[in-house]
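Below: one structure, written as structure tokens.
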Amino acid sequence: MRKIEHLGIAVADLKKSNELFQRLLGNAPYKSETVASEGVETSFFQIGDTKIELLQASTEDSPIAKFISKKSEGIHHIAFDVEDIYAEMSRLKAAGFEILNEVPKKGADRKIVVFLHPKSTNGVLVELCQEDPNPGNLD
Ligand code: ZN
């Protein structure tokens, strides 16, 4: 793993949280994006070499809706940048971690991503992300 690519924060109201984080960080989000397959609306703030991803549920059965109703708003996941997601998946599988999806899926911000089950990582939802080699619809 190369660096922390971003931290994901679950929020109830993306518009309000965009304003809050803009006040906090001193800059505006550089993009907003809906990931329909995950039931989330996201926005991204650049902060130095890394990013903050705000996530709001866009459907009632979205993982973010479940997270907020079980816990509350707050840090939802930590994402690590990897060079070769398949190599990292087999390394981590062999090391005893539980990977939530068998195949990387398209995430926000032109990435392919997989998640590790938090029960194998001290309660922290871990995302691995790699630049999407076939981004398809560039924005
Ligand atoms: Zn993320």
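Which shape class, rounded, prolate or oblate, goes with the range 14-53 when its Cα gyration tensor gives a ≥ b ≥ c as root eigenvalues, a/c under 1.5 marks rounded, and past that a/b bigger than b/c marks prolate? It is oblate, given that a/c is not under 1.5 and a/b is not larger than b/c. What FRET efficiency, computed as 1/(1 + (r/R0)^6) with R0 = 25 Å and r the Cβ-Cβ distance, is obtained for Ala36 and Lys16, rounded to the nearest 0.05? The pair Ala36/Lys16 has a calculated efficiency of 0.65. Counting only alpha carbon atoms, the long axis of helix 85-94 and the longest principal axis of the chain meet at about 60°.
Solvent-accessible surface of the range 79-118, taken per residue with a 1.4 Å probe and all protein chains present: 51 Å². By DSSP, what percent of the beta bridges with both residues in the chain are antiparallel, rounded to the nearest 5? If we restrict to bridges inside the chain, about 75 percent are antiparallel.
Spin-label model, Gln46/Glu60: points 7 Å from Cα along the beta carbon direction are separated by 4.0 nm.
The sum of -39500 (n - 2.57) across all DSSP H runs of n ≥ 4, divided by the residue count of the chain, sets its helix-only mean residue ellipticity at 222 nm to -6500 deg cm²/dmol. I need the shape label for the chain. Rule: rounded when a/c is under 1.5, else prolate if a/b > b/c, else oblate, with a, b, c from the alpha carbon gyration tensor. Prolate. Specify whether the C-alpha gyration tensor of the range 77-127 places it in the rounded, prolate or oblate class, a ≥ b ≥ c being the square roots of the eigenvalues: rounded for a/c under 1.5, otherwise prolate if a/b is larger than b/c and oblate if not. It is oblate, given that a/c is not under 1.5 and a/b is not larger than b/c. Note on Arg23 and Asn134: the model spin-label points, each 7 Å out from Cα along the C-beta direction, lie 4.5 nm apart. Of Asp61, Asp81, Asp109, the residue with the greatest mean-square motion in the GNM of the chain, using alpha carbon springs below 10 Å, is Asp61. For the options Ala57, Ala28, Ala95, a Gaussian network treatment of the chain with springs between C-alpha atoms closer than 10 Å singles out Ala95 as fluctuating the most.
Taking trypsin sites (Lys or Arg not before Pro) across the range 1-64, the ones in a DSSP loop with at most 13 further Cβ atoms lying within 10 angstrom of their Cβ are Arg2.
The values are calculated or read from the model by the stated rules, or taken from the named source; none is laboratory data. Please read these numbers as outputs of a predicted model, since none were measured by experiment. Cβ coordinates were reconstructed from backbone atoms using ideal geometry, including for glycine residues, and neighbour counts include every protein chain displayed. Each accessible area value is taken on the protein alone, full model and side chains, heavy atoms only, with ligands, DNA and RNA left out. Shrake-Rupley method; radii C 1.70, N 1.55, O 1.52, S 1.80 Å.
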